Amino acid sequence: MADVTLDTLRKEFDRGTIVAVDDIDLELEDGEFVTVVGPSGCGKTTTLRMVAGLEEPTSGAVRFDGEDVTDIHAKDRPVAMVFQNYALYPHKTVMENMAFGLKMSTDMTKEQRRERVTEMAEMMGIADLLDDKPDELSGGQKQRVALGRAIAREPEVFLFDEPLSNLDAKLRTEMRAEIQKLQKEFGVTAMYVTHDQEEAMTMGDRLAILNDGKLQQVGQPTEVYENPVNKFVAGFIGSPSMNFIDVDVETDGTTATIRDDESGLAFELSGEYVTGRDLESGPYTLGIRPENIVVKEAPTGDETLVSTVEVVEPIGSDNYIHLAINDDFLARSRPDIKPETGDEVGVTFEEEHIHLFDAETGEDVF
Ligand code: ATP
């Protein structure tokens, strides 16, 4: 199989007025599954299309196993792509659809192609659909056919462009597991594009987070979740999202006081979190995830702040408590903590989970 390198890869459109992909450097190890995630228009699809050979880079290079493939035509690259809309030929049967890629990219005989497709179809649990036409299939079956067709070509690199967007939630979860299983079974290097951060968190060995054409961070899902490099990544990864509030920090290098006069937020960070961290006094954006906020139904005086409950949403295992801080702040609490709308509650941020972002650049500094 192949490792894949994106070397300062850049794509401009409309004579440079649109920079869709802004000098991305990324390496996928042989057999690795990397999800590329980011909001709509951040350059995910364009990046994937350049790896596939469907889009010519403005500058930079794509390498497979160290070999520059930038000028090699899509059909001559050892890649298979799976799309959101399945891209099946409506007038061909499942067998013909799956065999077509083999016909174009290999010199197998018709008999060999039928054999390979039958084998793949059995593996994918779609052997009984081989004579059907695509419009006789459900969304999940169509996506299995598209996957089977891609695998039948025995690619070295698998490229997925939001392949599960058209499926319902249950099927999506099933197919996520199936795609990962197949990818590991075949040991194929995979690049998987999605705008869905939950999908990215659950599927990739590593995530690559894009915003505005720029690569923000690459890392294992838990690493990115726990140590986001900036406010964008912190807010994008994790559901429900991290809460943010502008604060002022005063520190002498051994202790630090954090305040926001508007919400009444005021607390002192323990020395162990301040010493040796190079924190300077000044304005910051504080970030805290909903699960790292402790709500007490009766304020005790030693909390981070006292706030009013706006709404409580029970989700079974936990309660989401919406607080009147900075328009809306969400705390995730044990189900037995069940204040009512309008109640004043004690709110404490777990200090080991507090993030501080530079107020101007958004860079994570703490
Ligand atoms: P989505 O999740 O909505 O598909 P994306 O992250 O895949 O978005 P791209 O489709 O790669 O983003 O687009 C990145 C940027 O490049 C967008 O601003 C888009 O409008 C622009 N773009 C993409 N293709 C072209 C094109 N052929 N001509 C001009 N602009 C383009």
(message) I need the full set of residues from the range 178-206 which are hydrophobic (A, V, I, L, M, F, W, C) and either in contact with a Lys or Arg (Cβ under 8 Å, 6 or more places away or on another chain) or on the phi > 0 side of the Ramachandran plot (or both), in order please.
(response) 193, 203
(request) Tell me which of these residue 79 doesn't satisfy, since it passes every other one: (1) within 18 Å of residue 154 (Cα to Cα); (2) out of contact with any helix residue (DSSP H, G or I) (no Cβ under 7 Å at 6 or more places or on another chain). (result) (2)
(message) For the range 1-59, which positions are of a type in the set (Gly, Ala, Ser) and more than 21 Å from residue 180 (Cβ to Cβ)?
(response) 16, 20, 40, 41, 43, 53, 59
(message) Being out of contact with any helix residue (DSSP H, G or I) (no Cβ under 8 Å at 6 or more places or on another chain) and of a type outside the set (Phe, Trp, Tyr) narrows it down to one residue among 270, 281, 239; which is it?
(response) 281
(request) Being touching a residue at least 60 places away in the same chain (Cβ under 8 Å) and of a type in the set (S, T, N, Q) is the filter; apply it to the range 35-50 and report the residue that is surrounded by the most Cβ atoms within 10 Å (Cβ to Cβ). (result) 47
(request) Working carefully through the options 304, 308, 285, 275, find the one that is more than 30 Å from residue 223 (Cα to Cα) and either at pLDDT 95 or above or of a type outside the set (Gly, Ala, Ser) (or both). (result) 308
(request) Look at residue 161 and say whether it is surrounded by fewer than 16 Cβ atoms within 10 Å (Cβ to Cβ) and farther than 30 Å from residue 352 by Cα. (result) no
(request) Scan the range 15-26 for residues that are near the ligand (Cβ under 10 Å from one of its atoms), out of contact with any Phe, Trp or Tyr (no Cβ under 9 Å at 6 or more places or on another chain) and under 19 Å from residue 159 (Cβ atoms) and jot them down. (result) 21
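Yes/no per residue for (1) within 30 Å of residue 254 (Cβ to Cβ); (2) in contact (Cβ under 8 Å) with a residue 24 or more places away in the chain; (3) in contact with a helix residue (DSSP H, G or I) (Cβ under 8 Å, 6 or more places away or on another chain):
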site	(1), (2), (3)
274	yes, no, no
288	yes, yes, yes
305	yes, yes, no
323	no, yes, no
(message) Quick check on this structure: which one of 60, 53, 101, 66 is within 16 Å of the ligand (Cβ to nearest atom) and in contact (Cβ under 8 Å) with a residue 40 or more places away in the chain?
(response) 60
(request) Only residues in the range 179-194 that are over 8 Å from residue 33 (Cα atoms) and within 16 Å of the ligand (Cβ to nearest atom) count as the first member; pair them with residues that are at pLDDT below 90 and of a type in the set (A, V, I, L, M), Cβ under 9 angstrom, at least 6 apart or cross-chain, and list the lot. (result) 194/164
(request) Would you be able to say whether some residue in the range 128-148 is in contact (Cβ under 8 Å) with a residue 12 or more places away in the chain, hydroxyl-bearing (Ser, Thr, Tyr) and either surrounded by fewer than 22 Cβ atoms within 10 Å (Cβ to Cβ) or more than 16 Å from the ligand (Cβ to nearest atom) (or both)? (result) no
(request) Please tell me if residue 219 is away from the ligand (no atom under 13 Å from the Cβ), small (Gly, Ala, Ser) and surrounded by 15 or more Cβ atoms within 10 Å (Cβ to Cβ). (result) yes
(message) I'd like to check something: does the range 27-34 contain any residue that is under 16 Å from residue 217 (Cα atoms), without any contact (Cβ under 8 Å) to a residue 60 or more places away in the chain, more than 16 Å from the ligand (Cβ to nearest atom) and under 21 Å from the mean Cα position of the chain (by Cα)?
(response) yes
(message) Which numbered condition in (1) within 12 Å of the ligand (Cβ to nearest atom); (2) modelled with pLDDT of 95 or more; (3) under 18 Å from the mean Cα position of the chain (by Cα) is the only one that residue 12 fails?
(response) (3)
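The values are calculated or read from the model by the stated rules, or taken from the named source; none is laboratory data. Quick caveat, the model's predicted, so the values are computed rather than measured. Methodologically, a virtual Cβ is constructed for each residue, glycine included, from the backbone with ideal geometry; neighbour enumeration extends over all protein chains shown.
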